[in-house]
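Notes follow the structure.
The values are calculated or read from the model by the stated rules, or taken from the named source; none is laboratory data. All values derive from a computational prediction rather than experimental measurement. No Cβ is skipped: glycine too gets one built from the backbone with ideal geometry, and neighbour counts run over all protein chains shown.
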Amino acid sequence: MELIPHDCPVCERVTPLQEWAQANWDLAGLGTLAFSSRKSPECMHFHLVRCGVCDVVFANPAPSVDWLMAQYRQAAFAAGQESIMAARSYAKVVAALLPDLGSRDGALDIGAGDGAFLQELLDLGFSNVAGMEPSQAPIDQASATIRPLLHNQMFTGEEVAPASLSLVTCFQTLEHVTRPLELCRKAFNLLRPGGVLLVAVHNYRAWPARLMGRRSPIYDIQHLQLFSPLSLGRLLENTGLTRVTIRPLCNRYPLSYWLRLLPLGITAKRRLLSLLTHVGLENRNLSLCPGNLVAYGFKSK
Ligand SMILES: [Zn+2]
């Protein structure tokens with residue numbers, strides 16, 4: 001694997017960089033789930049620096065796009081119920097945006113996984129819905145109605161005609177791509193005037209990440225950058241969006257899933273899980289705001 005130095009992925013120019021975390025990874029220790037969503041964290045990450053202008057933390061040097069694409073193509077998938085629950089959280093945000101959105105024709109989800117969110121878009125009355133997903137495994141697990149809407153490829157920005165979409169979404173994916181600003185600009189180009197780009201990311205400035213430090217699950221080999229409210233706002237403004245709004249996102253998951261994210265050893269997690277199972281609480285759902293951000297902006301009319 002070749003590691004390549006690069007400039008800030010949000011400013012896309014030379015900026016003052018601050019040391020953030022030494023590299024902590026070992027390719028031999030990564031399993032087949034390393035590049036899949038909602039896995040158990042391995043607590044591995046690349047060398048991280050922080051941009052002194054926009055506050056984003058990013059991997060520098062970072063692996064090549066070709067290497068990353070190969071990892072995502074072959075990544076396993078193990079997140080059925082959780083992806084449905086995450087999609088419901090995102091759908092609530094979209095539902096609140098509908099009065100400002102105007103049209104519901106044309107929606108694209110970048111990093112669509114098993115397409116759980118596409119089902120939510122259909123339920124909200126959207127037409128011409130599609131999803132881009134580089135891994136085959138989640139597409140194989142999609143329902144029969146959703147699978148034809150999923151395209152097994154990286155987002156290129158050439159999937160549909162420019163200015164033809166009302167909504168482009170990108171959830172927990174901007175951390176994974178080499179050039180997030182370029183991705184957002186390509187998405188912007190596909191929006192018609194008045195259209196919305198809606199994204200969700202982890203917030204490394206939120207209290208759980210600060211409390212857990214580098215043992216937080218957001219410090220992960222898949223995450224080439226980590227955002228804060230400031231850096232996420234800069235990203236959407238640099239994209240050209242207006243009326244940018246950023247706020248915390250709450251998620252509802254089973255207790256057993258929240259347990260997986262805690263910075264504990266496997267033995268401690270197994271003991272706690274068997275305790276939860278013993279008292280019948282492992283599938284009890286719990287809403288928490290653990291430090292995710294949701295942000296959106298409009299393309300000017
Ligand atoms: Zn920057």
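All of G280, G297, G291 fail the test of being touching a residue at least 40 places away in the same chain (Cβ under 8 Å) and at positive phi, apart from G291. I139 - would you say it is more than 23 Å from G194 (Cβ to Cβ) and within 19 Å of the chain's Cα centre (by Cα)? Criteria met by I139. Residues that are closer than 15 Å to W258 by Cα and in a strand (DSSP E or B) within the stretch 271-301 comprise N285, L286, S287, L288, C289, P290, G291, N292, listed in sequence order. Looking across the stretch 54-71, the residues that are out of contact with any strand residue (DSSP E or B) (no Cβ under 7 Å at 6 or more places or on another chain) and of a type in the set (A, V, I, L, M, F, W, C) come down to C54, V65, W67, L68, M69, A70.
Number of residues in the stretch 277-301 that are farther than 19 Å from R215 by Cβ and buried (at least 17 other Cβ atoms within 10 Å of the Cβ) equals 8.
Summed over the stretch 1-56, residues that are modelled with pLDDT of 85 or more, more than 16 Å from the ligand (Cβ to nearest atom), part of a loop (DSSP other than H, G, I, E, B) and surrounded by 21 or more Cβ atoms within 10 Å (Cβ to Cβ) total 1. Pairs only if they're at least six apart or on different chains, beta carbon under 8 angstrom, first in the stretch 64-78 and closer than 24 Å to D114 by Cβ, second assigned to a loop (DSSP other than H, G, I, E, B) and of a type in the set (K, R); list them, first residue then second. Final answer for the pair search is A78/R38; A78/K39. Any residue at all in the stretch 215-222 that's closer than 28 Å to Q81 by Cα and over 15 Å from the mean Cα position of the chain (by Cα)? Yes, the stretch 215-222 contains at least one residue that is closer than 28 Å to Q81 by Cα and over 15 Å from the mean Cα position of the chain (by Cα).
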